[in-house]
Amino acid sequence: MQSVLSDYAPVLVFGGISVVIAAAMLGMALLCGHQKPNPEKLTAYECGFGAFDDARRRFDVRFYLVAILFIIFDLEVAFLFPWAISLGRIGLFGFLSMLGFLSVLGIGFLYEWRKGALDWD
């Protein structure tokens, strides 16, 4: 049992150091940061409505559509990283299957673009 604890000692030390560093960074940000926002910082930014407005207010469905499209295409692009790492081992079949995947992804992107889902009027 003692050897198991000694094996995990570096992990615990690393965890403790990371907690201390994170707390120090947050504390310094609170102490040294400017806490006086000007009216320019409180204005609407890319969302189209005020920062401190009614939470039950309706807003355009295009916000949801753009967010969903971003998540879909972002997650699909995340499949490229493991593919790129294992490209040497998967051979020609893996390469062609990823080209098929990318072509379906590209066709979907062009479809959304042509339908005007990415246009912001």
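The values are calculated or read from the model by the stated rules, or taken from the named source; none is laboratory data. All values reported here derive from a predicted model rather than from experimental measurement. Quick reminder, even Gly has a Cβ in these numbers, built from the backbone with ideal geometry, and neighbours come from all protein chains shown. Heads up: the accessible areas ignore ligands, DNA and RNA and are worked out on the full protein's heavy atoms, side chains in. Shrake-Rupley method; radii C 1.70, N 1.55, O 1.52, S 1.80 Å.
Most mobile of 67, 24, 78 per a Gaussian network model of the chain (Cα springs, under 10 Å)?
24
Using the Cα gyration tensor of the chain, with a ≥ b ≥ c the square roots of its eigenvalues, what is the shape: rounded (a/c below 1.5), prolate (a/b larger than b/c) or oblate (neither)? All intermediate terms of the calculation are to be shown ahead of the outcome.
Details: a/c = 3.35, a/b = 1.06, b/c = 3.15.
The shape class here is oblate.
List the longest stretch of the chain that has no exposed loop site; here a site is one of the trypsin sites (Lys or Arg not before Pro) assigned by DSSP to anything other than H, G, I, E or B, with at most 14 other Cβ within 10 Å. Spell out each step's value before the answer.
Details: sites that count: 41, 56, 57, 58.
In short, 59-121.
What FRET efficiency would be calculated for the residue pair residue 107, residue 41, taking the C-beta separation as r and a Förster radius of 41 Å, to the nearest 0.05? Numbers along the way, then the final one.
Working: r = 42 Å, r/R0 = 1.03.
For residue 107 and residue 41, the calculated efficiency is 0.45.
At a 1.4 Å probe radius, carbon and sulfur cover how many percent of the accessible area of the chain?
Details: 7660 of 10770 Å².
Summing carbon and sulfur atoms, their accessible area is 71 percent of the total for the chain.
Can you list the DSSP H helices in the chain whose Cα atoms extend at least 27 Å along the helix axis and whose mean Kyte-Doolittle hydropathy is -1.0 or higher? Before the final figure, lay out each step's value.
Details: long enough: 2-32 (44 Å, 1.73); 87-115 (39 Å, 1.04).
Span-like helices, by this rule, are 2-32, 87-115.
So what is the calculated 222 nm ellipticity per residue for the chain, using -39500 (n - 2.57) for each DSSP H run with n of 4 or more, over all residues, to the nearest 500 deg cm²/dmol?
Working: 4 runs with 83 residues, N = 121.
Rounded to the nearest 500, it is -23500 deg cm²/dmol.
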